[in-house]
Amino acid sequence: MEAIHSLRIGNVELKNNIILAPMAGITDLPFRVLCASFGAAMTCTEMISAKAIFYNNKNTYDLMRTDDSEPIVSLQLFGNEPPLMADMARRLEDEGIRYDILDINMGCPVPKVVNNGEGSALLKNPALAGRIVEEIVNVTGRPVTAKIRIGFDMDSINAVEMAHVLEESGASAVMVHGRTRSQYYSGEANWDVIGEVKSKVNIPVIGNGDISCYRDIVEMYNKTGVDGYMIGRAVRGNPWLFEGVLRENEIDTGEVSDKWDTSLEADCFVADGNDYKPEWSEIREMIIKHARMLVEYKGEYIGVREMRKHSAWYTAGLPNSGAFRGRVNLVESIEELENLLTETDFLVQK
């Protein structure tokens, strides 16, 4: 089997096995829509607090908005109380919230989450993690998955045990980030442990960590045999990555379609990940499109301010991008942003 192929998770069929990872503050609706348009087979929401659903938090419901252009949506829930999480899963179905797969966050390393016994803290209590999955599976007909890390720290690498417990509890797949909680996002992802997980369970295993191009995907597949790939930080400011990866796969397998822009470079990323990006004019248009979507979704005040970080990611590695970041961090309206982008052809001048 080739590294890239269709993927079934429970009763849900994905057109390919390249998935957008959930990222707090990044994978909101506009960004997910953009990534889906470039070929991501499944998009994942920012993580949703079960307690926030219980208390009818409006901002939480906004995080759960989806778009018909997203082919498959995974809603990521976090918490540490099995009955409450099961009740909230049932409530989401009763309220008609659209999602295809329910994912349980067991990997978030943020202190305020971990100190509350949620996210990565569940790595220290596999039995509790299993009860959470089991109780949710009992109340929903949709596939339930879990995203874990390889362990809480280097002295407690227990991803294989966690994955086995999750499978026995009814999980339809497990996503494994190849770092410990204590590593956060530093160091190299340990793909060897991901491979051990794949060899020990029968449900699909999705690999995550240090994937930024097609060659990384092929290497991970050859090393681990995983069923799919979850891409996170490498796609910030670069939704074209999904198209680039899928196009390279077609080239590699000799099944090239005529839908790809052959001007895109088909190679692995340089340090900041520009090789899958198009020319500056298209990047500029994407920044404007993304900004307008954010403003429509969140209002101008919040949308423009959130677009500052995305603009920095879109322009990373371009000449004079540092000067651009200094200026974009001062814009306060969509008009100011668009005017700045019109004035910044200096970005592509050596």
Accessible area per residue in Å² at 1.4 Å probe, computed on the chain: 42 Å²
Total formal charge among the other residues, if their Cβ is under 9 angstrom from that of M23, Lys/Arg +1 and Asp/Glu -1: +1
Normalised contact order of the range 136-221, rounded percent, pairs of Cα under 8 Å and 6 or more residues apart: 29 percent
Sequence-distant lysines (8 or more away, or on other chains) whose Cα lies within less than 24 Å of K200: K124, K147, K223
List K200, K298, K289, ordered by accessible area with a 1.4 Å probe, largest first: K200, K289, K298
Angle in degrees between helix 191-200 and the longest Cα principal axis of the chain, rounded to the nearest 10: 40 degrees
Cβ charges +1 (Lys, Arg) and -1 (Asp, Glu), total dipole of the chain, debye: 920 debye
Reach of K51 by Cα under 18 Å, taken over lysines that are not fewer than 8 positions away in the same chain: K112
Reported label for calculated Cα Rg over 2.2 N^0.38 Å given (1) 1.08; (2) 1.12; (3) 0.98: (3)
In degrees, nearest ten, helix 159-168 long axis to first principal axis of the chain (Cα): 60 degrees
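Quick one: with all protein chains in place, what share of the accessible area of the range 178-243 is carbon or sulfur, to the nearest percent (1.4 Å probe)? It would help to have the intermediate numbers written out before the result.
Values: 950 of 2430 Å².
Answer for the range 178-243 is 39 percent, counting heavy atoms of protein chains only.
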The range 300-350: equivalent-ellipsoid semi-axes (sqrt of 5 x gyration tensor eigenvalues, Cα, Å): 19, 11, 7
Percentage relative contact order, the range 52-129, counting C-alpha pairs under 8 Å, at least six apart: 29 percent
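The values are calculated or read from the model by the stated rules, or taken from the named source; none is laboratory data. Predicted, not measured: the structure shown is a model, and the values here were computed from it. Here the Cβ is made from the backbone with ideal geometry for all residues, glycine too, and neighbour counts use every protein chain on show. Note: accessible area is taken over every heavy atom of the protein model, side chains too, but ligands, DNA and RNA are not part of it. Shrake-Rupley method; radii C 1.70, N 1.55, O 1.52, S 1.80 Å.
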